[in-house]
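Below is one structure, written out as structure tokens, with a few remarks after it.
Values in this text are rule-based calculations from the coordinates and carry no lab data. Being a predicted model, the structure only gives us computed values, none of them experimental. Neighbour counts are summed over all protein chains in view; Cβ atoms, including those assigned to glycine, are modelled from backbone coordinates with ideal geometry.
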Amino acid sequence: MSEFHVRAVSEGEQRACLDLLSEALHGKPASDEAWAKMAPTWPAAGKFAAFDDHDTPVGIASSFDTELTVPGGQKLVTAAVDGVAVRADWTRRGILTAMMAVQLEDFAARGVPLAALHASEGVIYGRFGYGAATFCKGVSVERPRARVRDGVGRDGVVRLVTPAEAVERVPALYDRFEGTRPGFLARPAQWWPGFFDRLVTGNDGYRVAVHSGPDGDDGYVVYQTIDVRDRQAPERGAILDIRELDAATPRAWAGLWRFLLSVDLVSAVTGRARPVDEPIAELLTDPRAVNTVEVMDDLWLRLVDVLAALRARTYGTAEPVVLEVLDKQLPDNNGRYVVGSGGVERTTAGADLRLDVATLSSLYLGHGLFADLALSGRVEVLDESAVDRADTLFHTARAPWCGTFF
Ligand SMILES: CC(=O)SCCNC(=O)CCNC(=O)[C@H](O)C(C)(C)COP(=O)(O)OP(=O)(O)OC[C@H]1O[C@@H](n2cnc3c(N)ncnc32)[C@H](O)[C@@H]1OP(=O)(O)O
């Protein structure tokens, strides 16, 4: 059987790695034209690959550095893992395991405290210390029933902008949203062309509307209408599907929703990746106009430097707890940590709760409860009274949400 070796990707090898990724995700190799556009956003830096005996890439693990907002508002450097694949004829031979090991060691050596990704399947990344840390919901709002409460969302102005204007304005606008929620991901310059620009300048009919309040532009929405009318049911109207909706203020948020629900010939406004606690029903006179159609994991997080990550976030008010953390891949993280409102230290005191790094990573941004994970055995309880304290310490007022695909 052929062997493989894992090493950093060199200049000139990126295109073969991208083709490998596209094929594993059942896409097509990039055309010369597509690659010319893509190349500047797909640098060799941050990429590790597995190569066969002929130095042909058979696995890829790519990432770029950005920042993630943690509870309390601090932004932590985060490796966003944006492309992982193994060629179909090389799977289940340990290539992903080997690439993850090299990648995590690289993050740790560079002092990157967090890593994050969106998982193609729920069973892949837990073994490497990642836990589902933010969730999102899919909603469908029945437009004929949806009346926005009087006086809400009327303070500003919403205007449709051209794709060129959206490409120019929205990145700066997006920077105004920093710190609004735990899980918020900064979008570096290399992110925009491949995701936002391609979407709004492409042929799928995406429209962009910008909200302006007293301090200027303060929110935007990207949406697409899908016309499902036919001769038998001309009254059905189109589906207006939200791809992104972000706002710097509650007023801008309400104004954008009021606008979306005012678009004519629309039967339903849908969104696939909204925050789980987005209060759409509260905006309407009939809360039953809103249907939650699914709740999905969103961002998977991995604490790479447990002490630095625990120290970076704030906590609720409760007596401290001692957490014992187990980390197979990065054993420097193994040990006990006393976590309290006043800060976090390593400790030799006895543990109250024992958990692996994937479980801690999924709780870190404020999603979920220690109590629930204790029920499933993912948190081992050594002191019963510590469970409530840990939940009070880690709770966040707003549900964590990422909202950026990469
Ligand atoms: C962040 C992102 O980019 S998400 C996108 C991830 N990529 C994809 O989904 C593309 C298609 N799939 C693939 O390319 C590959 O199957 C990968 C990358 C998911 C897995 O690569 P492999 O080299 O096969 O993984 P590896 O051999 O190291 O497996 C490690 C363990 O995980 C398990 N595993 C890996 N992938 C899967 C899977 N999709 N389903 C179930 N178990 C899996 C293996 O069985 C193995 O378990 P074991 O240690 O108990 O034997």
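Couple of notes before you dig in:
- Dipole of the range 305-394, positive direction: furthest Cα of L307, L326, V379, with charges on the beta-carbon: L307
- Chain lengthening between A281 and R145 when straightened (0.36 nm per residue, less Cα-Cα): 47.8 nm
- FRET efficiency estimate (nearest 0.05) - Cβ-Cβ, I124 to V293, R0 22 angstrom: 0.35
- Estimated inter-spin distance, T347 and R231, nm [label 7 Å along Cα→Cβ]: 7.5
- Among 254-265, 272-283, 152-163, sorting by the average number of other beta carbon atoms lying within 10 angstrom of each residue, highest first, gives 254-265, 272-283, 152-163.
- Inter-site label distance for T314 and D175 at 7 Å from Cα along Cβ, in nm: 2.4
- Taking T292, T66, T314 as the candidate residues, the one with maximal mean-square fluctuation in a Gaussian network model of the chain, Cα springs under 10 Å, is T292.
- Between A16 and A164, the contour length at 0.36 nm per residue exceeds the alpha carbon distance by 50.2 nm.
- Peptides 86-97, 103-114 ranked from most to least packed give 103-114, 86-97, packing being the mean of other C-beta atoms within 10 angstrom over each peptide's residues.
- Sorting 20-33, 206-219 by their mean Cβ neighbour count within 10 Å, with the most densely packed peptide first, gives 206-219, 20-33.
- The Cα atoms of the chain define a convex hull whose projected area, averaged across directions, is 23.0 nm².
- All-pairs alpha carbon distance profile, the range 116-174, 10 Å steps from 0, percent: 14, 21, 29, 26, 11, 0
- Using only alpha-carbon positions in the range 136-297, the gyration tensor eigenvalues give semi-axes of 24, 19, 16 Å once each is multiplied by 5 and square-rooted (largest first).
- DSSP bridge analysis restricted to the chain gives an antiparallel fraction near 85%, rounded to the nearest 5.
- Backbone N within the range 281-323 under 13 Å of label point (7 Å from D372 Cα along the Cβ vector): 295-298
- Here each label is just a point 7 Å from Cα along the line to Cβ, and for A88 and H54 those points are 1.9 nm apart.
- Ratio Rg/Rh [Cα only; Rh per Kirkwood] for the range 305-394: 0.91
- Two-site FRET efficiency, N334 against T97, from Cβ-Cβ distance with R₀ of 25 Å, rounded to 0.05: 0.80
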